[in-house]
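Asker: Below is a structure I'd like to ask you about.
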Amino acid sequence: MNMKVEMIPNYRIAHVRQVGPYGSTNTQAMGKLKKWAEGKNLLTASTILLGIPQDNPTVTLPENCRYDACIVISKDFQMDDSITEGEFAGGEYVVCQVKHTAEEIQKTWAEIFPAIQNSGYQIDDKPILERYIGDMNNDFCEICVPIKS
């Protein structure tokens, strides 16, 4: 597994929240976000999209799991009330690039936690995320796991 450690900055974000079991509804939330972002001319080669599962499905009932589909926006972008604004608190993350297929993402989720622990890092109590940057949106994504400094 090819991992790197990266300091992810704090971001101002616009997001769509999906509540319910993780899976295909996450894709629907991201689709709704992308449609909104396209109408605002925010989808470019440098756009950063984040998929943030807010709950651990092994301890949270599936119907209560929250997923945020996010886009990083500039400090001066004028928001309207059609979508929620928020802030992502950055930090140090282990980042692993993976092919954007269900099989590869599932495989990575299964392998990343033991790999992090075997590397001597301690996982931090912050949201884990999937990150998509510009042209990466369709072919690859990055699984980002927070670690303690």
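Asker: Among Asn26, Asn56, Asn41, which one moves the most in a GNM of the chain with springs linking Cα atoms closer than 10 Å?
Answerer: Asn41
Asker: Which whole-Hz couplings ³J(HN,Hα) result when phi for each residue of segment 53-60 is put into the Karplus expression 6.51 cos²θ - 1.76 cosθ + 1.60, θ = phi - 60°, listed in order with x for Gly and Pro?
Answerer: x, 8, 10, 8, x, 7, 10, 10
Asker: Right, another one. Explain nothing, just the number: dipole magnitude of the chain about its Cα centre with +1 on each Lys and Arg Cβ and -1 on each Asp and Glu Cβ, in debye rounded to the nearest 20.
Answerer: On the way: 14 positive and 20 negative charges, 16 e Å.
For the chain, the charge dipole is close to 80 debye.
Asker: Can you tell which of Gln18, Gln78, Gln54 shows the greatest fluctuation in a Gaussian network model of the chain with Cα springs below 10 Å?
Answerer: Fluctuation is largest for Gln78.
Asker: Probe radius 1.4 Å, ligands and nucleic acids ignored: give me the carbon and sulfur share of the accessible area of segment 25-139 as a rounded percent.
Answerer: The value for segment 25-139 is 47 percent carbon and sulfur by accessible area.
Asker: Taking only DSSP H segments of four or more residues, each worth -39500 (n - 2.57), what value at 222 nm results for the chain once the sum is divided by all its residues, to the nearest 500 deg cm²/dmol? Mind dumping the intermediate values first?
Answerer: Numbers: 3 runs with 37 residues, N = 149.
So the calculated ellipticity at 222 nm is -8000 deg cm²/dmol.
Asker: Which whole-number value in Å² is the accessible area per residue of segment 103-146, probe 1.4 Å?
Answerer: In whole numbers, segment 103-146 has 56 Å² accessible per residue.
Asker: Taking +1 at the Cβ of each Lys and Arg and -1 at the Cβ of each Asp and Glu, which of Trp36, Pro21, Val95 sits farthest along the dipole of segment 6-118 towards its positive end, judged by Cα position relative to the Cα centre?
Answerer: It is Trp36.
Asker: Taking the Cβ-Cβ separation of Ser119 and Gln78 as r and a Förster radius of 35 Å, what is the calculated FRET efficiency to the nearest 0.05? Walk me through the numbers before you get to the answer.
Answerer: Values: r = 42 Å, r/R0 = 1.21.
Between Ser119 and Gln78 the formula returns 0.25.
Asker: For Lys40, go through the lysines and keep the ones whose alpha-carbon is under 26 Å away, minus same-chain ones fewer than eight residues off.
Answerer: List returned: Lys32, Lys75.
Asker: Most mobile of Asp124, Asp76, Asp68 per a Gaussian network model of the chain (Cα springs, under 10 Å)?
Answerer: Asp76
Asker: Normalised by the empirical 2.2 N^0.38 Å for globular proteins, what value does the Cα Rg of segment 5-121 take?
Answerer: 1.15
Asker: Report ³J(HN,Hα) in whole Hz for each residue of segment 12-27, in order, from the Karplus equation J = 6.51 cos²θ - 1.76 cosθ + 1.60 where θ = phi - 60°; Gly and Pro get x.
Answerer: Once rounded to whole Hz, the list reads 8, 10, 10, 8, 10, 9, 10, 10, x, x, 5, x, 5, 5, 4, 5.
Asker: Now a separate question. Ordering Arg12, Arg131, Arg66 from largest to smallest accessible area (1.4 angstrom probe), what's the sequence?
Answerer: Arg66, Arg12, Arg131
Asker: To continue, here is another question. Tell me, how many Å apart are the Cα centres for segment 87-149 and for segment 1-34?
Answerer: After rounding, the separation between the Cα centres reads 11 Å.
Asker: Under a crude label model (7 Å from the Cα following the beta-carbon direction), how far is Phe140 from Leu43 in nanometres?
Answerer: 2.1 nm
Asker: Return the sequence-ordered ³J(HN,Hα) values of segment 106-115 in whole Hz as given by the Karplus equation 6.51 cos²θ - 1.76 cosθ + 1.60 applied to θ = phi - 60°, using x for Gly and Pro.
Answerer: Values per residue, Gly and Pro as x: 4, 4, 5, 4, 6, 9, 5, 5, x, 5 Hz.
Asker: What is the set of long-range amide H partners of Phe140 at a cut-off below 5 Å, with H atoms built 1.01 Å from backbone N?
Answerer: His100
Asker: Here is a follow-up. Spin-label point model (7 Å from Cα, Cβ direction): what's the Glu6 to Gln106 distance in nm?
Answerer: 2.6 nm
Asker: Measuring with a 1.4 Å probe in the full set of protein chains, what accessible area per residue, in whole Å², belongs to segment 10-81?
Answerer: 58 Å²
The values are calculated or read from the model by the stated rules, or taken from the named source; none is laboratory data. As the structure is a prediction and not an experimental result, all values here were calculated from the model. With ideal geometry, Cβ positions are generated from the backbone for all residues, glycine too; neighbour counts draw on all protein chains shown. Keep in mind that these areas ignore ligands, DNA and RNA; they rest on the heavy atoms of the full protein, side chains included. Shrake-Rupley method; radii C 1.70, N 1.55, O 1.52, S 1.80 Å.
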